[in-house]
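Enquirer: The following block contains the structure, expressed as structure tokens.
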Amino acid sequence: MKLMTSTFHSIGAAIVMSALVAGAATAAQMKAAGPQPGDCKRAYEAIIGPSAPVAQAMWVQMVASKYGNKWAQWVGAQNKSVTPVGGSQFQARAKPCFYQPVL
């Protein structure tokens, strides 16, 4: 009788462990499915334009052509700045972040 009880406990523990492993694998697959809002690229993207608004618009176009429209949202970018670089030129610089506006 004692042997049968410990066999049931072993089977129960194996079922629980397999469920935990399957749950962890599913969670890893869900995260790897694609970028989530707030995920950012590691590198900065920068571009120089003739005015601050034009430089910002050029940054958006450049990032959209590289990574897609959901990465090219200035409002969602990290550490963004538009600074003068001499004369009448401005540099728009930021880390692109995945951003999906709520509609």
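The values are calculated or read from the model by the stated rules, or taken from the named source; none is laboratory data. This structure is a prediction, so every number in the text was calculated from the model and none was measured. Positions of Cβ are generated from backbone atoms using ideal geometry, with glycine treated the same way; all protein chains shown enter the neighbour counts.
Enquirer: Look through segment 40-61, keep the residues that are outside any strand (DSSP E or B) and within 18 Å of the chain's Cα centre (by Cα), and return whichever of them is surrounded by the fewest Cβ atoms within 10 Å (Cβ to Cβ).
Expert: Per the criteria, the residue is R42.
Conditions tested, residue by residue: (1) among the acidic types (D, E); (2) modelled with pLDDT of 95 or more; (3) under 19 Å from P96 (Cβ atoms); (4) in contact with a helix residue (DSSP H, G or I) (Cβ under 6 Å, 6 or more places away or on another chain).
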| residue | (1), (2), (3), (4) |
| --- | --- |
| A28 | no, no, no, no |
| G34 | no, no, yes, no |
| D39 | yes, no, yes, no |
| A46 | no, yes, yes, no |
| P53 | no, yes, yes, no |
| A64 | no, yes, yes, no |
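Enquirer: Right, another one. Specify the residue that is farthest from P35 (Cα to Cα); the eligible residues are those in segment 83-103 that are out of contact with any Lys or Arg (no Cβ under 8 Å at 6 or more places or on another chain) and buried (at least 17 other Cβ atoms within 10 Å of the Cβ).
Expert: So the residue we want is F90.
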